[in-house]
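These notes concern the structure reproduced below.
Quick note: the coordinates plus some simple rules give every number you see, no bench work behind them. This one's a predicted model, so the numbers in the text were calculated from it and none came from an experiment. Glycine gets a Cβ as well: all are built from the backbone with ideal geometry, and neighbour counts include every protein chain shown.
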Amino acid sequence: MFSPALACDSFAQFTADSSRPKPIGSVIRTVREIDMTNDTVPEVLQVETTRAKRFRDIKVRFGIYRGKKNVYSYSWKADDFFDKIDKLPDTIKWFRLQRIMRGFFSNQNFSSSDSEDLSSLFGRLRAADIKPGTDEAREFTSAPHKIFSVYAGRDMLFGITWLDSKKRFVTLWRN
């Protein structure tokens, strides 16, 4: 049986749904809590866009927060997710960017250092802040570390991890 009150409730839930497409120029924000430092206190990972009227002016900002303190940040242009010769209209790019942002913190982008040998990792990817054979590499391999793979556009991929000795997030690898 149809109930107008029930129909209104379900409509209100639909309109408040954050997965609904947002108009171009609004802010898209995705957040996930995970303990990246192995201290039992989860860090807040956040990716968000800036406001802009044109798609080419939108920036994507990625940050990691401990409490209210930003402990890591990186930003890039939203246009970096698309090929330069691609002539898609801004609205299509905007809808695709919303899908990218919703999946930014998917479980597939997190891994653990005990799941792969450092030398085999660097056989496929370029070492960044941690070089094989250094004290940092020994620290990294001596205990499990969480690694987050950051996809900052089509051509910029890198993995970050927390190093206690440096008391900061470092870039482990780059494509």
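Charges on Cβ only, +1 for Lys and Arg, -1 for Asp and Glu, centred on the Cα centroid of segment 21-174; of V60, F148, A127, which one is farthest towards the dipole's positive end?
Projecting each Cα onto the dipole axis, the largest value belongs to V60.
In segment 21-174, if the dipole is taken from +1 on Lys/Arg beta carbons and -1 on Asp/Glu beta carbons about the Cα centre, which of G25, S111, S75 is farthest to the positive end?
About the Cα centre, the residue reaching furthest to the positive side is G25.
Residue-wise, which Karplus ³J(HN,Hα) couplings in Hz belong to segment 31-42, taking 6.51 cos²θ - 1.76 cosθ + 1.60, θ = phi - 60°, and x for glycine or proline?
Result, ordered by residue: 10, 9, 9, 7, 7, 8, 9, 6, 10, 6, 9, x Hz.
Using the Cα centre as the reference, give the magnitude of the dipole from point charges on the C-beta atoms of segment 21-174 (Lys, Arg: +1; Asp, Glu: -1; all else neutral), rounded to the nearest 20 debye.
Here the size comes out at about 960 debye.
What percent does the relative contact order of segment 21-174 come to when contacts are Cα pairs within less than 8 Å and at least six residues apart?
Worked out over segment 21-174, it gives 20 percent.
Each residue of segment 86-91 in turn: what ³J(HN,Hα) in whole Hz from Karplus with 6.51, -1.76, 1.60 and θ = phi - 60°, glycine and Pro shown as x?
Per-residue couplings from phi come out as 6, 10, 5, x, 4, 5 Hz.
Excluding V44 itself, what net charge comes from residues whose Cβ is under 9 Å from its Cβ, given Lys and Arg +1 and Asp and Glu -1? Walk me through the intermediate numbers first.
Numbers: positive: R32, R66; negative: E33, E43.
Counting the neighbours of V44, the net charge comes to 0.
Quick one: what does P(r) look like for segment 21-174 with 5 Å bins over all Cα pairs, in whole %?
2, 8, 18, 20, 17, 14, 10, 6, 4, 1
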